[in-house]
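Reading through the structure tokens given below for one structure.
The values are calculated or read from the model by the stated rules, or taken from the named source; none is laboratory data. Just so you know, these numbers come straight off a predicted model, no measurement behind them. Neighbour counts are summed over all protein chains in view; Cβ atoms, including those assigned to glycine, are modelled from backbone coordinates with ideal geometry. Surface areas here come from the heavy atoms of the whole protein model, side chains and all, with no ligands, DNA or RNA. Shrake-Rupley method; radii C 1.70, N 1.55, O 1.52, S 1.80 Å.
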Amino acid sequence: ISSKQNAAKAEIANIVKAIETFYADQSRYPTTDEGIEILAEGTDTWPDGFLNKVPRDPWKNPYEYISPGTTQPYEVICLGADGREGGEGENRDFTSDAWEVGDALSPAAPSPGVHLDRVGRRDRHSQFAGDRVGHLTWRID
């Protein structure tokens, strides 16, 4: 994995944190039409926005955002160096859907459908989060 791919994964993690903060504040996820651009706009409770600016991937392409996502309420996507879906090597896509959860709250296995961390707090809002959540790890295929 190249340094640009690692940077894309780190940026996706930051975007996910901002989306989850937006959700906690607004009681909803951004729509596909709003995209991650709404995260850079201020609200009454977050006047500076949830992100300082709308990030671009290390190849200067915009991150894609869809809601609902494939298996989560949303998905953040980096299309790699070529900016097109699919590919290998530098052109490999990364998505927020590639997260796995290691259950940090209990020795029991995470509930089915759990893919995304919510920083160790119980989540009563998302049907995708299951009963408990844990810490983030990357699944590298």
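Within the stretch 36-74, the set of residues being surrounded by fewer than 20 Cβ atoms within 10 Å (Cβ to Cβ), under 18 Å from Glu11 (Cα atoms), under 12 Å from the mean Cα position of the chain (by Cα) and not hydrophobic (A, V, I, L, M, F, W, C) comprises Glu64 only. Out of all the residues in the stretch 81-89, is one or more at pLDDT 90 or above, under 17 Å from Thr21 (Cα atoms) and not hydrophobic (A, V, I, L, M, F, W, C)? No, every residue in the stretch 81-89 fails to be at pLDDT 90 or above, under 17 Å from Thr21 (Cα atoms) and not hydrophobic (A, V, I, L, M, F, W, C).
Restricting the stretch 52-90 to residues that are hydrophobic (A, V, I, L, M, F, W, C) and touching a Leu at 6+ places or on another chain (Cβ under 9 Å), the residue that is nearest to Asp33 (Cα to Cα) is Val54. Contact map, the stretch 65-87: first residue of a type in the set (D, E, K, R), second residue not in a loop (DSSP other than H, G, I, E, B), Cβ cut-off under 6 Å, separation 6 or more or different chains; pairs are Glu75/Ile66; Glu75/Thr95; Glu75/Ser96; Glu75/Asp97; Asp82/Asn91. The C-beta contact set for the stretch 15-39 (first residue more than 16 Å from Gly49 (Cβ to Cβ), second residue among the β-branched types (Val, Ile, Thr) and open to solvent by 20 Å² or more (accessible area, probe 1.4 Å), distance under 7 angstrom, 6+ apart or interchain) comprises Thr32/Ile66. Would you point out the residue of the stretch 1-30, among those that are open to solvent by 40 Å² or more (accessible area, probe 1.4 Å) and not in a helix (DSSP H, G or I), that is nearest to Ile77 (Cα to Cα)? This residue is Ile1.
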